[in-house]
Amino acid sequence: MSSFTSKDEDEETQPQTKADHPEQLDQMVHPVAERLDILLSLLLSYIKDVCYVDGKIDNNKTKDLYRDLVTIFDKLLLPTHASCHVQFFMFYLCSFKLGFAEAFLEHLWKKLQDPNNPAIIRQAAGNYIGSFLARAKFIPLITVKSCLDLLVNWLHIYLNNQDSGTKAFCDVALHGPFYSACQAVFYTFVFRHKQLLSGNLKEGLRYLQSLNFERIVMSQLNPLKICLPSVVNFFAAITNKYQLVFCYTIIERNNRQMLPIIRNTAGGDSVQTCTNPLDTFFPFDPCVLKRSKKFIDPIYQIWEDISAEELQELKKPIRKEMEEDEDDDFLKGEVPQNDAVIGITPSSLDAHFRSPSSSVGSPPVLYMPGQSPVTSRICD
(Lines give C-alpha, C1' and ligand atoms only; values in the text may rest on other atoms or scores of the structure.)
Protein backbone atom coordinates (compact mmCIF):
# COMPACT_ATOMS: atom_id res chain seq x y z
CA MET A 1 0.00 0.00 0.00
CA SER A 2 1.03 3.62 -0.04
CA SER A 3 3.74 4.70 2.38
CA PHE A 4 1.59 7.68 3.33
CA THR A 5 0.23 7.54 6.87
CA SER A 6 -2.77 9.04 8.61
CA LYS A 7 -2.73 11.39 11.56
CA ASP A 8 -4.13 8.87 14.03
CA GLU A 9 -1.08 8.79 16.28
CA ASP A 10 -0.74 12.55 16.38
CA GLU A 11 -4.44 12.96 17.08
CA GLU A 12 -4.32 10.49 19.95
CA THR A 13 -1.48 12.35 21.65
CA GLN A 14 -2.99 15.80 20.98
CA PRO A 15 -6.76 15.46 21.32
CA GLN A 16 -7.27 19.21 21.74
CA THR A 17 -5.98 19.84 18.24
CA LYS A 18 -8.98 17.96 16.86
CA ALA A 19 -11.53 20.14 18.60
CA ASP A 20 -9.71 23.40 17.93
CA HIS A 21 -9.04 22.65 14.26
CA PRO A 22 -11.71 20.30 12.85
CA GLU A 23 -10.47 20.93 9.31
CA GLN A 24 -7.33 18.98 10.17
CA LEU A 25 -9.36 15.79 10.33
CA ASP A 26 -9.18 15.65 6.54
CA GLN A 27 -5.48 16.39 6.31
CA MET A 28 -2.77 13.87 5.51
CA VAL A 29 0.47 13.91 7.50
CA HIS A 30 2.77 13.48 4.52
CA PRO A 31 2.91 16.72 2.49
CA VAL A 32 2.98 14.88 -0.85
CA ALA A 33 -0.03 12.80 0.20
CA GLU A 34 -1.82 15.97 1.26
CA ARG A 35 -1.15 17.57 -2.12
CA LEU A 36 -2.26 14.45 -3.97
CA ASP A 37 -5.44 14.22 -1.90
CA ILE A 38 -6.36 17.83 -2.57
CA LEU A 39 -5.79 17.51 -6.32
CA LEU A 40 -7.58 14.19 -6.68
CA SER A 41 -10.58 15.35 -4.66
CA LEU A 42 -10.79 18.46 -6.85
CA LEU A 43 -10.68 16.26 -9.96
CA LEU A 44 -13.41 13.97 -8.64
CA SER A 45 -15.55 16.96 -7.74
CA TYR A 46 -15.00 18.41 -11.22
CA ILE A 47 -16.00 15.11 -12.84
CA LYS A 48 -19.27 15.10 -10.93
CA ASP A 49 -19.98 18.75 -11.74
CA VAL A 50 -19.44 18.16 -15.45
CA CYS A 51 -21.46 14.94 -15.66
CA TYR A 52 -24.44 15.96 -13.52
CA VAL A 53 -26.72 18.84 -14.41
CA ASP A 54 -29.49 19.67 -11.93
CA GLY A 55 -28.95 16.34 -10.20
CA LYS A 56 -29.30 14.29 -13.40
CA ILE A 57 -26.54 12.74 -15.47
CA ASP A 58 -25.88 14.38 -18.83
CA ASN A 59 -25.04 11.47 -21.12
CA ASN A 60 -23.43 13.52 -23.85
CA LYS A 61 -21.12 15.44 -21.52
CA THR A 62 -20.26 12.25 -19.66
CA LYS A 63 -19.40 10.44 -22.89
CA ASP A 64 -17.14 13.28 -24.00
CA LEU A 65 -15.39 13.35 -20.64
CA TYR A 66 -15.06 9.56 -20.60
CA ARG A 67 -13.30 9.61 -24.00
CA ASP A 68 -10.88 12.30 -22.81
CA LEU A 69 -10.10 10.49 -19.56
CA VAL A 70 -9.60 7.12 -21.24
CA THR A 71 -7.07 8.72 -23.57
CA ILE A 72 -5.23 10.13 -20.56
CA PHE A 73 -5.48 6.76 -18.82
CA ASP A 74 -3.92 4.96 -21.80
CA LYS A 75 -1.13 7.47 -22.18
CA LEU A 76 -0.15 8.07 -18.55
CA LEU A 77 -1.63 5.57 -16.13
CA LEU A 78 -1.75 2.18 -17.81
CA PRO A 79 2.01 2.22 -18.56
CA THR A 80 2.83 3.45 -15.01
CA HIS A 81 3.52 0.59 -12.65
CA ALA A 82 1.98 0.85 -9.17
CA SER A 83 0.46 4.25 -9.79
CA CYS A 84 -0.86 5.60 -6.50
CA HIS A 85 -4.58 6.49 -6.20
CA VAL A 86 -4.78 8.72 -9.30
CA GLN A 87 -6.52 5.96 -11.29
CA PHE A 88 -9.56 6.27 -9.04
CA PHE A 89 -10.88 9.00 -11.34
CA MET A 90 -11.80 6.22 -13.80
CA PHE A 91 -13.34 4.14 -11.04
CA TYR A 92 -15.49 7.10 -9.96
CA LEU A 93 -16.61 8.10 -13.46
CA CYS A 94 -17.58 4.51 -14.30
CA SER A 95 -19.87 4.40 -11.27
CA PHE A 96 -22.20 6.98 -12.82
CA LYS A 97 -23.70 4.53 -15.30
CA LEU A 98 -23.18 0.83 -15.99
CA GLY A 99 -22.51 1.50 -19.66
CA PHE A 100 -19.31 3.38 -18.79
CA ALA A 101 -18.10 0.58 -16.51
CA GLU A 102 -18.73 -1.97 -19.26
CA ALA A 103 -17.01 0.24 -21.83
CA PHE A 104 -13.96 0.53 -19.55
CA LEU A 105 -13.84 -3.24 -19.03
CA GLU A 106 -14.12 -3.83 -22.77
CA HIS A 107 -11.33 -1.33 -23.36
CA LEU A 108 -9.08 -3.15 -20.88
CA TRP A 109 -10.04 -6.52 -22.33
CA LYS A 110 -8.94 -5.43 -25.81
CA LYS A 111 -5.61 -4.31 -24.37
CA LEU A 112 -5.11 -7.64 -22.60
CA GLN A 113 -5.91 -9.98 -25.47
CA ASP A 114 -4.19 -8.03 -28.24
CA PRO A 115 -0.83 -9.72 -29.00
CA ASN A 116 0.40 -6.55 -30.70
CA ASN A 117 0.50 -4.73 -27.37
CA PRO A 118 3.66 -4.95 -25.24
CA ALA A 119 3.46 -7.66 -22.58
CA ILE A 120 3.77 -5.10 -19.79
CA ILE A 121 0.68 -3.24 -21.05
CA ARG A 122 -1.29 -6.48 -21.38
CA GLN A 123 -0.35 -7.49 -17.85
CA ALA A 124 -1.30 -4.08 -16.48
CA ALA A 125 -4.67 -4.37 -18.21
CA GLY A 126 -5.17 -7.73 -16.49
CA ASN A 127 -4.39 -6.13 -13.13
CA TYR A 128 -6.95 -3.41 -13.77
CA ILE A 129 -9.65 -5.87 -14.85
CA GLY A 130 -9.25 -8.04 -11.76
CA SER A 131 -9.10 -5.13 -9.34
CA PHE A 132 -12.04 -3.34 -10.97
CA LEU A 133 -14.31 -6.42 -10.98
CA ALA A 134 -13.44 -7.21 -7.38
CA ARG A 135 -13.79 -3.73 -5.92
CA ALA A 136 -16.57 -1.97 -7.84
CA LYS A 137 -19.87 -2.35 -5.97
CA PHE A 138 -21.74 -0.92 -8.93
CA ILE A 139 -20.85 -3.80 -11.26
CA PRO A 140 -23.71 -6.34 -11.23
CA LEU A 141 -23.17 -10.08 -11.05
CA ILE A 142 -24.21 -10.63 -14.67
CA THR A 143 -21.37 -8.36 -15.82
CA VAL A 144 -18.91 -10.13 -13.52
CA LYS A 145 -19.91 -13.49 -15.00
CA SER A 146 -19.63 -12.17 -18.55
CA CYS A 147 -16.09 -10.98 -17.85
CA LEU A 148 -15.15 -14.25 -16.17
CA ASP A 149 -16.50 -16.12 -19.21
CA LEU A 150 -14.38 -13.99 -21.55
CA LEU A 151 -11.22 -14.35 -19.48
CA VAL A 152 -11.56 -18.07 -18.80
CA ASN A 153 -12.42 -18.86 -22.42
CA TRP A 154 -9.32 -16.94 -23.52
CA LEU A 155 -7.22 -18.90 -21.00
CA HIS A 156 -8.49 -22.22 -22.37
CA ILE A 157 -7.79 -21.14 -25.95
CA TYR A 158 -4.31 -20.08 -24.88
CA LEU A 159 -3.74 -23.51 -23.32
CA ASN A 160 -5.03 -25.20 -26.48
CA ASN A 161 -2.37 -23.38 -28.45
CA GLN A 162 0.34 -24.41 -25.98
CA ASP A 163 -0.51 -28.07 -25.45
CA SER A 164 1.75 -29.48 -28.12
CA GLY A 165 4.21 -26.59 -28.33
CA THR A 166 7.80 -26.32 -27.18
CA LYS A 167 6.97 -23.32 -24.95
CA ALA A 168 4.45 -25.16 -22.76
CA PHE A 169 6.28 -24.64 -19.48
CA CYS A 170 6.19 -22.21 -16.57
CA ASP A 171 7.87 -18.98 -17.66
CA VAL A 172 6.78 -15.43 -16.85
CA ALA A 173 8.72 -13.91 -19.72
CA LEU A 174 6.93 -16.11 -22.25
CA HIS A 175 3.45 -16.18 -20.77
CA GLY A 176 3.10 -12.98 -18.72
CA PRO A 177 -0.34 -11.97 -20.08
CA PHE A 178 -1.65 -15.49 -19.46
CA TYR A 179 -0.59 -15.38 -15.80
CA SER A 180 -2.00 -11.88 -15.40
CA ALA A 181 -5.35 -13.07 -16.77
CA CYS A 182 -5.25 -16.08 -14.42
CA GLN A 183 -4.65 -13.81 -11.46
CA ALA A 184 -7.50 -11.53 -12.54
CA VAL A 185 -9.81 -14.57 -12.58
CA PHE A 186 -8.58 -15.90 -9.22
CA TYR A 187 -8.79 -12.48 -7.55
CA THR A 188 -12.27 -11.76 -8.89
CA PHE A 189 -13.42 -15.20 -7.80
CA VAL A 190 -12.08 -14.68 -4.26
CA PHE A 191 -14.02 -11.42 -3.88
CA ARG A 192 -17.18 -12.45 -5.71
CA HIS A 193 -17.61 -16.15 -4.90
CA LYS A 194 -20.38 -15.57 -2.35
CA GLN A 195 -22.40 -13.66 -4.93
CA LEU A 196 -21.70 -16.29 -7.57
CA LEU A 197 -23.04 -18.96 -5.21
CA SER A 198 -25.87 -16.98 -3.65
CA GLY A 199 -29.48 -17.95 -4.22
CA ASN A 200 -29.39 -21.36 -5.82
CA LEU A 201 -26.19 -23.13 -4.79
CA LYS A 202 -26.65 -25.92 -7.32
CA GLU A 203 -26.86 -23.50 -10.24
CA GLY A 204 -23.93 -21.49 -8.90
CA LEU A 205 -21.77 -24.59 -8.63
CA ARG A 206 -22.79 -25.72 -12.09
CA TYR A 207 -21.67 -22.37 -13.49
CA LEU A 208 -18.33 -22.50 -11.66
CA GLN A 209 -17.75 -26.09 -12.76
CA SER A 210 -18.32 -24.99 -16.37
CA LEU A 211 -15.31 -22.66 -16.07
CA ASN A 212 -13.09 -25.74 -15.66
CA PHE A 213 -10.62 -24.22 -13.22
CA GLU A 214 -9.00 -27.63 -12.89
CA ARG A 215 -7.59 -27.58 -16.40
CA ILE A 216 -6.11 -24.13 -15.86
CA VAL A 217 -4.41 -24.82 -12.53
CA MET A 218 -3.22 -28.31 -13.58
CA SER A 219 -1.73 -27.10 -16.85
CA GLN A 220 2.00 -27.22 -17.55
CA LEU A 221 2.09 -23.43 -17.36
CA ASN A 222 1.39 -23.82 -13.62
CA PRO A 223 -0.24 -20.45 -12.81
CA LEU A 224 -0.36 -21.27 -9.07
CA LYS A 225 3.42 -20.96 -9.06
CA ILE A 226 3.42 -17.50 -10.61
CA CYS A 227 0.40 -15.70 -9.13
CA LEU A 228 0.64 -13.99 -5.75
CA PRO A 229 0.71 -16.56 -2.91
CA SER A 230 -2.04 -14.72 -1.04
CA VAL A 231 -4.38 -14.82 -4.04
CA VAL A 232 -3.49 -18.45 -4.75
CA ASN A 233 -4.13 -19.56 -1.17
CA PHE A 234 -7.53 -17.91 -0.88
CA PHE A 235 -8.49 -19.30 -4.28
CA ALA A 236 -7.33 -22.76 -3.20
CA ALA A 237 -9.34 -22.68 0.03
CA ILE A 238 -12.58 -21.62 -1.65
CA THR A 239 -12.33 -24.03 -4.57
CA ASN A 240 -11.44 -26.82 -2.17
CA LYS A 241 -14.43 -26.06 0.04
CA TYR A 242 -16.81 -26.39 -2.91
CA GLN A 243 -14.85 -29.24 -4.49
CA LEU A 244 -14.17 -27.30 -7.69
CA VAL A 245 -10.46 -28.11 -7.83
CA PHE A 246 -7.88 -29.32 -5.32
CA CYS A 247 -4.88 -26.99 -5.42
CA TYR A 248 -2.94 -27.90 -2.30
CA THR A 249 -0.88 -30.70 -3.86
CA ILE A 250 0.36 -28.30 -6.53
CA ILE A 251 0.96 -25.52 -4.00
CA GLU A 252 3.02 -27.78 -1.76
CA ARG A 253 5.02 -29.07 -4.73
CA ASN A 254 5.66 -25.50 -5.85
CA ASN A 255 6.76 -24.59 -2.32
CA ARG A 256 9.31 -27.37 -2.38
CA GLN A 257 10.65 -26.42 -5.78
CA MET A 258 10.51 -22.68 -5.08
CA LEU A 259 10.95 -19.99 -7.69
CA PRO A 260 14.31 -18.80 -9.03
CA ILE A 261 16.01 -16.52 -6.53
CA ILE A 262 16.51 -12.83 -7.12
CA ARG A 263 20.07 -11.61 -7.55
CA ASN A 264 21.35 -9.89 -4.45
CA THR A 265 22.21 -6.31 -5.42
CA ALA A 266 23.99 -5.72 -2.11
CA GLY A 267 26.83 -7.98 -3.18
CA GLY A 268 26.54 -10.42 -0.28
CA ASP A 269 25.79 -14.11 -0.17
CA SER A 270 22.17 -13.81 1.03
CA VAL A 271 19.35 -14.75 -1.31
CA GLN A 272 15.68 -13.87 -1.48
CA THR A 273 12.78 -15.93 -2.73
CA CYS A 274 10.70 -14.30 -5.44
CA THR A 275 7.09 -14.29 -4.25
CA ASN A 276 5.81 -11.84 -6.87
CA PRO A 277 7.37 -12.75 -10.24
CA LEU A 278 4.60 -10.90 -12.09
CA ASP A 279 5.43 -7.72 -10.14
CA THR A 280 1.71 -7.52 -9.50
CA PHE A 281 -0.17 -4.60 -8.04
CA PHE A 282 -3.89 -4.08 -7.70
CA PRO A 283 -4.68 -0.52 -8.83
CA PHE A 284 -7.94 -0.24 -6.91
CA ASP A 285 -6.65 -1.31 -3.53
CA PRO A 286 -8.21 0.75 -0.70
CA CYS A 287 -7.95 4.50 -1.09
CA VAL A 288 -6.38 6.06 2.02
CA LEU A 289 -6.59 9.69 0.96
CA LYS A 290 -8.98 11.27 3.45
CA ARG A 291 -10.80 13.72 1.19
CA SER A 292 -10.86 11.56 -1.92
CA LYS A 293 -12.06 8.43 -0.17
CA LYS A 294 -15.34 10.18 0.64
CA PHE A 295 -16.14 9.99 -3.07
CA ILE A 296 -15.01 6.37 -3.35
CA ASP A 297 -16.20 4.65 -0.16
CA PRO A 298 -19.93 4.44 -1.06
CA ILE A 299 -19.17 2.57 -4.29
CA TYR A 300 -16.26 0.48 -3.01
CA GLN A 301 -16.20 -3.16 -1.92
CA ILE A 302 -13.95 -3.68 1.10
CA TRP A 303 -12.51 -7.03 2.07
CA GLU A 304 -14.58 -8.83 4.70
CA ASP A 305 -12.32 -10.19 7.41
CA ILE A 306 -12.77 -13.71 8.71
CA SER A 307 -14.36 -13.88 12.16
CA ALA A 308 -13.16 -16.12 14.99
CA GLU A 309 -16.28 -18.26 14.58
CA GLU A 310 -15.64 -18.73 10.89
CA LEU A 311 -12.04 -19.62 11.66
CA GLN A 312 -13.24 -22.36 14.01
CA GLU A 313 -15.49 -23.72 11.26
CA LEU A 314 -12.50 -23.98 8.95
CA LYS A 315 -10.87 -26.46 11.30
CA LYS A 316 -13.50 -29.01 10.34
CA PRO A 317 -12.59 -31.31 7.47
CA ILE A 318 -13.84 -29.43 4.44
CA ARG A 319 -14.62 -32.45 2.27
CA LYS A 320 -16.43 -34.25 5.11
CA GLU A 321 -18.41 -31.13 5.89
CA MET A 322 -19.52 -30.81 2.28
CA GLU A 323 -20.56 -34.47 2.14
CA GLU A 324 -22.68 -34.10 5.28
CA ASP A 325 -24.37 -30.87 4.29
CA GLU A 326 -24.58 -31.30 0.52
CA ASP A 327 -28.09 -32.75 0.33
CA ASP A 328 -29.64 -30.14 2.58
CA ASP A 329 -27.86 -27.30 0.82
CA PHE A 330 -28.99 -28.45 -2.59
CA LEU A 331 -32.58 -28.92 -1.38
CA LYS A 332 -32.65 -25.47 0.16
CA GLY A 333 -30.75 -23.86 -2.71
CA GLU A 334 -28.66 -21.92 -0.20
CA VAL A 335 -25.02 -21.24 0.36
CA PRO A 336 -23.76 -22.70 3.66
CA GLN A 337 -23.69 -20.11 6.40
CA ASN A 338 -20.14 -20.99 7.34
CA ASP A 339 -18.98 -19.85 3.93
CA ALA A 340 -15.55 -18.76 5.10
CA VAL A 341 -12.16 -19.38 3.62
CA ILE A 342 -8.59 -18.87 4.57
CA GLY A 343 -5.59 -18.80 2.33
CA ILE A 344 -3.42 -21.44 3.91
CA THR A 345 -2.89 -25.16 3.67
CA PRO A 346 -5.00 -27.14 6.14
CA SER A 347 -2.03 -28.27 8.23
CA SER A 348 -1.10 -24.71 9.15
CA LEU A 349 -4.48 -23.31 10.12
CA ASP A 350 -3.62 -21.80 13.49
CA ALA A 351 0.07 -21.06 13.08
CA HIS A 352 -0.12 -19.12 9.84
CA PHE A 353 -3.47 -17.36 9.85
CA ARG A 354 -2.48 -13.73 9.68
CA SER A 355 0.12 -11.16 10.44
CA PRO A 356 -0.54 -8.63 13.22
CA SER A 357 -0.10 -5.91 10.61
CA SER A 358 -3.30 -6.83 8.77
CA SER A 359 -5.13 -3.66 7.74
CA VAL A 360 -8.83 -2.92 7.68
CA GLY A 361 -10.44 -3.42 4.30
CA SER A 362 -7.81 -5.84 3.02
CA PRO A 363 -7.19 -9.56 3.30
CA PRO A 364 -4.58 -10.54 5.86
CA VAL A 365 -0.93 -11.08 5.17
CA LEU A 366 -0.44 -14.80 4.76
CA TYR A 367 2.39 -17.02 5.87
CA MET A 368 3.43 -19.79 3.52
CA PRO A 369 4.36 -23.11 5.15
CA GLY A 370 8.11 -23.55 5.32
CA GLN A 371 8.83 -19.99 4.20
CA SER A 372 9.45 -16.61 5.69
CA PRO A 373 6.32 -14.46 6.11
CA VAL A 374 4.93 -13.43 2.75
CA THR A 375 4.94 -9.70 2.77
CA SER A 376 2.52 -9.27 -0.10
CA ARG A 377 -1.23 -9.50 0.39
CA ILE A 378 -4.22 -9.46 -1.87
CA CYS A 379 -4.35 -5.81 -0.89
CA ASP A 380 -1.28 -4.02 0.37
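Listed by position, the helices (runs of 4 or more DSSP H) inside the range 164-238 whose residues that are among the basic types (Lys, Arg) number at least 2 are 172-197, 201-210. Against the conditions (1) surrounded by fewer than 19 Cβ atoms within 10 Å (Cβ to Cβ); (2) of a type in the set (A, V, I, L, M); (3) more than 19 Å from Asp297 (Cα to Cα), Ile38 satisfies every one except (3). Count of the range 125-146 residues, restricted to those that are part of a loop (DSSP other than H, G, I, E, B) and aliphatic (A, V, I, L, M), is 1. None of Arg206, Arg192 is basic (Lys, Arg), surrounded by 18 or more Cβ atoms within 10 Å (Cβ to Cβ) and out of contact with any Cys (no Cβ under 7 Å at 6 or more places or on another chain) except Arg192.
Scanning the range 203-232 for residues that are in contact with a Ser or Thr (Cβ under 9 Å, 6 or more places away or on another chain) and either of a type in the set (Phe, Trp, Tyr) or more than 23 Å from Pro177 (Cβ to Cβ) (or both) returns Gly204, Leu208, Phe213. Return yes when Ile57 is within 30 Å of the chain's Cα centre (by Cα), at pLDDT 95 or above and under 30 Å from Lys111 (Cα atoms) and no when it is not. Taking the combined requirement at face value, the residue satisfies it.
I want to confirm something. Restricting to the range 123-171 and keeping residues that are of a type in the set (Lys, Arg) and touching a Phe, Trp or Tyr at 6+ places or on another chain (Cβ under 8 Å), which single residue is nearest to Gln87 (Cα to Cα)? So the residue we want is Arg135. Here Leu174, Leu141, Leu201 are screened, and the one residue that is surrounded by 18 or more Cβ atoms within 10 Å (Cβ to Cβ) and either out of contact with any strand residue (DSSP E or B) (no Cβ under 6 Å at 6 or more places or on another chain) or of a type outside the set (Ser, Thr, Tyr) (or both) is Leu201.
Can you confirm whether Ile120 is within 22 Å of Asp297 (Cβ to Cβ), surrounded by 13 or more Cβ atoms within 10 Å (Cβ to Cβ) and over 17 Å from the mean Cα position of the chain (by Cα)? Considered against the rule, which asks whether it is within 22 Å of Asp297 (Cβ to Cβ), surrounded by 13 or more Cβ atoms within 10 Å (Cβ to Cβ) and over 17 Å from the mean Cα position of the chain (by Cα), Ile120 comes out as no.
Listed conditions (1) under 30 Å from Val144 (Cβ atoms); (2) in contact with an Asp or Glu (Cβ under 7 Å, 6 or more places away or on another chain) are all met by Gln27, apart from (1). The helices (runs of 4 or more DSSP H) found wholly in the range 242-320 and carrying at least 2 residues that are modelled with pLDDT under 70 occupy 308-314.
The values are calculated or read from the model by the stated rules, or taken from the named source; none is laboratory data. Quantities reported herein were computed from a predicted structural model and do not represent experimental measurements. Positions of Cβ are generated from backbone atoms using ideal geometry, with glycine treated the same way; all protein chains shown enter the neighbour counts.
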